[in-house]
Amino acid sequence: MRLGARRAGLCLLLWAVTTACSADEDLLKDASQLQDQGKTDEAIATLEVLKTKHPDSDAAKRVPELAEQWLLEAADASRDPNAKRPRLQAALSWNPRSGRAQLKLCQLLLDEKKLEETQSCLDKDMQGKDPDATLEKQLRAELEKAQDAATLGERERLAKSNRPQHWKALIERFPKSAQAKAAKEKLGRLESLCDDLPRFADASRAEFKRQETEYKKDIDRALAEQVESLRVDQLEGLGRAAARRASELKELAGQVGDHRLKQGEDKAQQILRKALLLQSDSLADLAAALQRDDIENLASYQRGAEGVLKRWVAGIDREATNIDKQLEQAKAACEPDAGEQ
């Protein structure tokens with residue numbers, strides 16, 4: 001009788017084990033079917049039930065990998081970042097080492113133009129994650145391209161500046177850029193005025209070109225304006241623009257005066273500085289003539305401003321020729337045999 005009881009107990013135990021195995025496999029099968037039907041949330045919920053009720057089963061051991069895979073697939077299938085992000089975060093909760101899930105979160109940040117956060121995501125959040133070299137390389141290349149586009153305007157602004165401190169800032173902030181490379185070359189030319197002379201000469205000639213084109217158009221537009229208040233505003237604006245240009249040229253002349261010189265460059269320095277100051281003074285005189293006193297009659301101001309502008313425009317070519325001659329003299333003073341003549 002005892003033998004029969006033992007047999008019954010063993011059969012009961014075998015039935016319980018078989019039933020449990022069947023139950024966890026059934027849950028796994030149900031979860032897979034739900035995922036195939038596109039019901040990821042229900043599939044994940046079923047996996048959670050399986051993990052909770054049968055934590056030590058072979059099926060439960062497969063749950064984290066399957067959950068990560070399905071959540072990644074669901075994230076890839078969606079175009080909505082608000083739907084993607086929680087899927088990817090959930091994938092990371094199932095597998096904290098998932099480099100693929102983390103990289104896809106980084107991609108969302110990049111898509112949102114959050115470049116600094118993307119950089120941090122790649123450099124810091126990927127630490128300790130399983131690598132996905134191909135995806136990370138692609139993402140870093142996209143980030144570099146986006147960073148280049150985002151900073152292009154700032155780099156070009158600093159590169160076009162005539163101030164050495166701006167070149168240094170460019171090199172410090174964007175050391176690998178083409179503009180930084182050019183800035184280093186400019187800084188190298190600061191050791192010799194003659195090496196750096198083209199920078200000053202180009203700025204001077206560019207100003208005359210601007211006067212003959214853009215500035216002259218602005219003058220013509222102001223003189224043709226029929227509404228008195230608008231005409232006065234434009235005339236005063238021309239004066240302010242002339243004052244800014246005068247200040248910029250005066251600063252260049254100051255740079256020439258403070259420039260490092262090699263032996264024999266003194267004469268070139270004197271000629272170049274004089275040319276820039278003459279050009280600056282001309283613009284400063286124009287700015288002063290276009291400045292209106294608060295008590296001055298508007299009609300009187302307009303007649304005076306019109307006469308000043310017409311005379312100044314008529315003299316641009318003559319002044320440009322004179323300054324260009326001095327620039328050529330400065331260049332000639334830099335020739336190796338200039339001191340022997």
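Bear in mind these aren't lab numbers, they're just calculated from the coordinates by the rules spelled out. Here the structure is a predicted model, which means the values were calculated and not measured. When we count neighbours, we look across all protein chains shown, and the Cβ atoms used for this are built from the backbone with ideal geometry, even at glycine.
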Helix axis angle, 228-258 relative to the chain longest principal axis, alpha carbon, degrees
90
If you rank Tyr215, Tyr301 by fewest surrounding Cβ atoms within 10 Å, what's the result?
Tyr301, Tyr215
Can you sort Val63, Val49, Val227 by how many other beta carbons sit within 10 Å, fewest first?
Val227, Val49, Val63
What does the extension gain come out to for Ala150 and Leu261, with contour length at 0.36 nm per residue minus their alpha carbon separation?
36.1 nm
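Mind giving me the FRET efficiency for Thr52 and Glu319? R0 is 56 Å, r the Cβ-Cβ distance, nearest 0.05 is fine.
So the FRET efficiency works out to roughly 0.05.
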Linear extension gain, Glu73 paired with Asp26, 0.36 nm per residue minus alpha-carbon span
14.7 nm
With everything on Cα atoms, drop me the angle between helix 164-173 and the longest principal axis of the chain, reported from 0 to 90° to the nearest 10.
10
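Mind scanning Lys181/Lys250; Lys186/Lys262; Lys145/Lys186 and naming the pairs with a C-alpha gap bigger than 21 Å?
Lys181/Lys250; Lys145/Lys186
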Rounded to 10°, Cα long-axis angle of helix 40-53 versus longest principal axis of the chain
50
Can you give me the three principal axis dimensions of region 217-265 from its C-alpha atoms, in Å, biggest first?
58, 15, 7
Overall dimensions of region 192-340 as given by Cα atoms, namely Rg and Dmax in Å
18.0, 62
Computed P(r) (all Cα pairs; the chain; 20 Å bins; percent)
21, 28, 21, 17, 9, 4, 1
If the cut-off is 18 Å between C-alpha atoms, which aspartates and glutamates fall inside it for Lys217, apart from same-chain ones fewer than 8 positions away?
Glu207, Glu225, Asp233, Glu236, Glu306, Asp317
Can you flag which of Lys124/Lys168; Lys29/Lys51; Lys274/Lys325 are past 22 Å Cα-Cα?
Lys124/Lys168
